[in-house]
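Data first, discussion second: the structure below is written as structure tokens.
The values are calculated or read from the model by the stated rules, or taken from the named source; none is laboratory data. As the structure is a computational prediction, the values presented were derived from the model and not from experiment. Neighbour counts are summed over all protein chains in view; Cβ atoms, including those assigned to glycine, are modelled from backbone coordinates with ideal geometry. Note: areas computed on protein heavy atoms with side chains; ligands, DNA, RNA excluded. Shrake-Rupley method; radii C 1.70, N 1.55, O 1.52, S 1.80 Å.
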Amino acid sequence: MIGDIIETEQCQLKDPMDLFHSGQVVKICAPMVRYSKLAFRTLVRKYSCDLCYTPMIVAADFVRSAKARDSEFTTDKVGDHPLIVQFAAKEAQVLCDAARIVCPFADGIDLNCGCPQRWAMSEGYGACLINKPELVRDMVRHVRNQIDNPRFSVSIKIRIHEDLKRTVDLCQKAEATGVSWITVHGRSVEERHQPVHYDAIKTIKQSMSIPIVANGDIKTLKDAENVHRLTEADGVMVARGLLANPAMFAGYEETPLKCIQDWVDIALEHGTPFTCFHHHLMYMMERITSKQEKKVFNVLSSTSAVLDYLNDHYGV
């Protein structure tokens with residue numbers, strides 16, 4: 001159980017809303033399947049990331065299975081805050097039960113209303129919820145009513161409708177129920193690589209009085225500043241840009257060697273599985289290695305081989 005890992009009273013919980021009241025654009029690491037786990041969150045927090053999300057967790061499995069809880073959610077007492085746990089859910093009480101389990105260890109939960117993957121949609125999770133504003137409202141209300149801690153945030157992450165009025169309506173209903181903030185990925189469910197509709201995010205921002213976070217195609221700190229200017233959003237959420245350069249929010253154009261060294265140290269300390277350890281390095285080194293180097297590095301098959309390679313080629 002999670003309680004075995006962490007002593008509740010020592011958790012350094014924070015109020016994520018303090019970030020949005022700071023007057024600065026909040027820099028956020030997105031929920032990424034397999035990737036935004038504790039070790040990577042520890043790394044990006046060293047490089048000016050303000051707020052981190054866990055990967056999306058299916059609430060029903062999490063509530064039902066101790067094994068799922070132990071494998072899906074790991075945090076630490078001090079450094080991993082503020083932390084938002086993202087859940088996929090379609091029933092209010094199940095989301096509440098999951099929120100109650102993580103409440104002593106995290107600073108808020110986020111309801112995924114944006115995942116466009118077929119499996120999620122077919123199960124009633126993710127982006128199909130943007131077409132069920134009453135259900136979203138019901139889920140948020142239940143969590144708000146059943147979690148005693150007023151500092152515990154409840155947010156949602158959405159995609160946009162082709163008819164933006166429907167998205168604004170969804171957001172306003174969620175706001176009226178007590179949502180802390182809303183992250184908007186500026187594409188519709190059908191859109192994958194089309195340009196992000198930053199104008200839509202701006203329209204939503206102008207229609208709301210709670211914080212709005214902009215998400216989609218932010219690869220550099222300059223991109224983040226431009227998106228803030230275009231949307232007037234209170235925060236920016238980044239996924240692939242941080243995978244490629246975990247030091248992005250600190251203003252680095254490409255992953256510095258110090259960051260690679262930090263990742264090696266953190267990953268080894270956390271006992272990160274080799275595949276995850278290696279994949280993160282492949283992403284981080286994408287821009288700083290030649291085609292020939294990639295051919296060699298990407299097929300290395302053990303931690304010792306990777307460490308030898310980094311030492312020989314980069315002095316890391």
Per-residue ³J(HN,Hα) for region 226-238, Karplus 6.51 cos²θ - 1.76 cosθ + 1.60, θ = phi - 60°, Hz, x for Gly and Pro: 5, 5, 4, 5, 6, 9, 6, 5, 7, x, 10, 10, 10
Neighbourhood charge, 11 Å Cβ-Cβ cut-off, centred on Met284 and excluding it, Lys, Arg +1 and Asp, Glu -1: -2
29 Å Cα-Cα threshold exceeded, pairs from Lys46/Lys173; Lys27/Lys295; Lys27/Lys258; Lys132/Lys222; Lys90/Lys165: Lys46/Lys173; Lys27/Lys295; Lys132/Lys222
Eligible aspartates and glutamates near Lys37 by straight Cα distance, threshold 19 Å, same-chain separation 8 or greater: Asp4, Asp50, Asp61, Asp70, Glu72, Asp76, Asp80, Asp107, Asp110, Asp262, Asp265, Glu269
Listed values [x] 21.5; [y] 25.9; [z] 20.0, entry calculated as Kirkwood radius over Cα pairs in Å: [z]
Whole-Hz couplings from phi, Karplus 6.51/-1.76/1.60, listed for region 85-98; x for Gly and Pro: 9, 8, 10, 9, 8, 9, 10, 4, 5, 5, 4, 4, 4, 5
Degrees, to the nearest 10: 133-146 long Cα axis against longest axis of the chain: 80 degrees
For Val26, residues with placed amide H under 5 Å, excluding near neighbours: Gly235, Val236
³J(HN,Hα) computed for each position of region 189-194 - Karplus, 6.51 cos²θ - 1.76 cosθ + 1.60, integer Hz, glycine/proline x: 4, 6, 7, 10, 10, 5
Under 5 Å, built H, 5+ apart or other chain: amide partners of Ser153: Gly108, Ile109
With Cα atoms, 0 to 90° folded angle of helix 303-314 axis to the chain main axis: 70 degrees
Solvent-accessible area, 1.4 Å probe, carbon plus sulfur percent, for the chain: 49 percent
Region 148-250: mean projected area of Cα convex hull, nm²: 7.2 nm²
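How large is the accessible surface per residue of the chain, computed with a 1.4 Å probe and reported in Å² as a whole number? Can you show the working numbers first?
On the way: 13960 Å² over 316 residues.
Here the residues of the chain average 44 Å² of exposed surface.
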Tensor-based shape of region 235-316 (alpha-carbon gyration tensor, a/c under 1.5 rounded, otherwise prolate or oblate): prolate
At most 13 other Cβ within 10 Å, DSSP loop - trypsin sites (Lys or Arg not before Pro), region 172-259: Arg192
Angle in degrees between helix 257-270 and the longest Cα principal axis of the chain, rounded to the nearest 10: 70 degrees
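So which trypsin sites (Lys or Arg not before Pro) in region 85-127 end up in coil per DSSP with only 15 or fewer other C-beta atoms within 10 Å?
Values: sites: Lys90, Arg100, Arg118; in loops: Lys90.
For trypsin sites (Lys or Arg not before Pro) across region 85-127 that sit outside H, G, I, E and B with at most 15 neighbouring Cβ atoms in 10 Å, the list is empty.
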